[in-house]
Amino acid sequence: MGIHKTKIAPSLLAADFGNLQHDVELVNQSVADWHHIDIMDGVFVPNISYGMPVVKAIAEYATKPLDVHLMIVDPDRYIKTFADLGASVLTVHYEACTHLHRTLQEIKAAGMQAGVALNPHTNINVLEDTINDIDLVLIMSVNPGFGGQSFIERSYAKIRDLKALIQDRRAHTLIEVDGGVSTENAKALTEAGVDVLVAGSFVFKSEDPGSTIRELKEIAG
Ligand code: DX5
Ligand code: ZN
């Protein structure tokens with residue numbers, strides 16, 4: 001086993017929605033660290049996932065921190081709602097925030113860790129003026145909206161650049177990567193600087209999701 005420092009956050013987007021309690025409990029019983037919850041509004045991304053009543057149901061069964069990824073326009077409207085639902089990490093998209101600095105302060109004031117997600121087309125240099133206010137940066141390694149897409153190779157360079165920025169500013173920001181993550185790229189991603197791996201279809205479409213989570217954790221180190 002050894003000591004693993006990389007966190008694994010299985011994305012429930014790829015779970016069986018007819019048996020959500022089963023899949024949440026599977027994550028509870030695994031070596032996963034967080035439950036990754038994807039909220040899509042059909043406006044910021046061309047897909048709609050699930051909303052508050054489903055998050056409430058997940059929260060009732062989940063025993064690990066809820067890592068909520070908002071792919072919605074004007075996320076400020078729902079900061080308090082997600083705090084009340086029990087989110088530990090609330091991540092908003094850089095591209096959806098006109099006043100990102102204010103949004104970050106509001107997320108933290110509501111008692112959550114503040115995350116910022118970057119689409120594949122967004123350079124990490126847009127975070128130069130806020131990096132010390134950000135608890136987590138989520139690098140999208142696919143275009144957000146759907147599970148099961150292939151990993152964009154350029155993401156490694158972004159992760160390395162982001163790691164350099166975090167070290168340069170002596171920030172404590174975690175780096176999370178989301179999209180197309182598997183045992184094929186887990187090691188290279190942590191070597192590039194990733195702290196949290198999100199994996200959806202690779203985990204839930206596998207024969208034995210519990211052992212797939214364990215494999216990811218062991219390979220990532
Ligand atoms: C995509 C979501 C991801 C998604 C990842 O917009 O943010 O969390 O579930 O799915 P996979 O791991 O299948 O690429
Ligand atoms: Zn996500």
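The values are calculated or read from the model by the stated rules, or taken from the named source; none is laboratory data. Remember, it's a predicted structure, so these values are computed and weren't measured experimentally. Every residue, glycine among them, receives a Cβ derived from its backbone with ideal geometry; neighbour counts consider all protein chains shown. When the accessible area is computed, the model is the full protein with side chains, heavy atoms only, and any ligands, DNA or RNA have been set aside. Shrake-Rupley method; radii C 1.70, N 1.55, O 1.52, S 1.80 Å.
Segment 74-115 and segment 139-155 have Cα centres separated by 22 Å. Atom-type composition of the exposed protein surface of the chain places 48 percent of the accessible area on carbon and sulfur (1.4 angstrom probe). Working note: Debye formula, equal point scatterers on the alpha-carbon atoms of segment 1-105, no solvent; log10 I(q)/I(0) at q = 0.20 Å⁻¹ is -1.05.
Accessible surface of residue 38, taken over heavy atoms with a 1.4 Å probe and every protein chain present, rounds to 10 Å². The base-10 log of I(q)/I(0) for the chain, evaluated at q = 0.07, 0.08, 0.11 Å⁻¹, reads -0.18, -0.24, -0.47 [Debye formula, identical scatterers on Cα atoms, solvent excluded]. With a threshold of 24 Å on the Cα-Cα distance, the over-threshold entries among 158/205; 7/80; 80/217; 158/217; 5/187; 108/158 are 158/205; 7/80; 80/217; 108/158.
Once the chain from residue 60 to residue 3 is taken as fully extended at 0.36 nm per residue, the excess over their C-alpha distance is 17.6 nm.
In the assembled protein chains, residue 175 presents an accessible area of approximately 0 Å² (probe radius 1.4 Å). Spin-label model, residue 98 to residue 128: label points 7 Å out along the Cα-to-beta-carbon direction sit 2.5 nm apart.
Only helices enter this figure: runs of n ≥ 4 DSSP H residues, each worth -39500 (n - 2.57), summed and divided by the residues of the chain, yield -9500 deg cm²/dmol at 222 nm to the nearest 500. Take 142-148, 91-97, 110-116 and order them by the average number of nearby Cβ atoms within 10 Å per residue, most first; the result is 91-97, 110-116, 142-148. Stretching residue 168 away from residue 154 to a fully extended chain increases their span by 2.9 nm, per 0.36 nm per residue minus the current alpha-carbon distance. Spin-label pair residue 109-residue 31: with each label point 7 Å from Cα along the Cα-Cβ axis, the two points sit 4.1 nm from one another. Rolling a 1.4 Å probe over the protein heavy atoms leaves residue 156 with an accessible area of roughly 40 Å².
Rolling a 1.4 angstrom probe over the protein heavy atoms with all chains in place gives segment 120-199 an accessible area of 44 Å² per residue.
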